[in-house]
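These notes concern the structure reproduced below.
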Amino acid sequence: MWHIVPNRRDGEWTGDWHLQELIQCDSHGEPRHFAVSSTIAEVADRATLRHIRRALLLARAAGIPPVITQGQKQVEAWKGHCSGETKESTFFVLKAKPTEWRFYAIADMHLGVMTFILAVQKKTNKRDRDDFEQCCRAARRFREGAQCADLARFLDM
């Protein structure tokens, strides 16, 4: 489990947001799938990888809600009810334009941390309820203490 140091000093941001990704582990506790890294590892096109990396860097600078002066408005809120839950959930969608990739995250605004939980290659702009339910399942694993990994190794290449 990663321990995050807050990015705030007396209520003011002192730096970029911290980006991390959810890890799915096998029955022995070994990492099996990383929410972002495993998915983008399959992308062979270097131009697409550059666009994805740029979108993540802009999201890291802009934060949630986005600070427009720090980066383009890259992140949109997606609210709804997860199956079996009465409380509304909010997930944040990062569109890595001009690619078809969408990255879904949950955010801790107090600590300045975005945890990416799902990466999907979309063919249309229309929101997919199945993606929302996948986010719900991943968010449950996160709340139950699933491991996360720092995305810096991808961003600082």
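Since every read-out is calculated from the coordinates, none of them should be taken as a lab result. Predicted, not measured: the structure shown is a model, and the values here were computed from it. Neighbour counts are summed over all protein chains in view; Cβ atoms, including those assigned to glycine, are modelled from backbone coordinates with ideal geometry.
Need one word for region 16-155: rounded, prolate or oblate. Basis is the Cα gyration tensor (sqrt eigenvalues a ≥ b ≥ c); a/c below 1.5 gives rounded, then a/b vs b/c decides.
Rounded.
Ordered by the count of other Cβ atoms within 10 Å of each Cβ, fewest first, Leu94, Leu111, Leu56 give Leu111, Leu56, Leu94. For region 139-151, backbone phi angles converted through the Karplus equation (6.51, -1.76, 1.60; θ = phi - 60°) give residue-by-residue couplings of 5, 4, 4, 4, 5, 7, x, 4, 6, 10, 10, 6, 8 Hz, Gly and Pro being listed as x. Relative contact order of region 95-157: 24 percent, from C-alpha pairs under 8 Å at least 6 residues apart in sequence. For Lys126, a cut-off of 15 angstrom between C-alpha atoms picks up these aspartates and glutamates, skipping any fewer than 8 places away in its own chain: Glu76, Glu100. Taking every C-alpha pair closer than 8 Å and separated by at least 6 residues, the mean separation divided by the residue count of region 16-155 gives a relative contact order of 29 percent.
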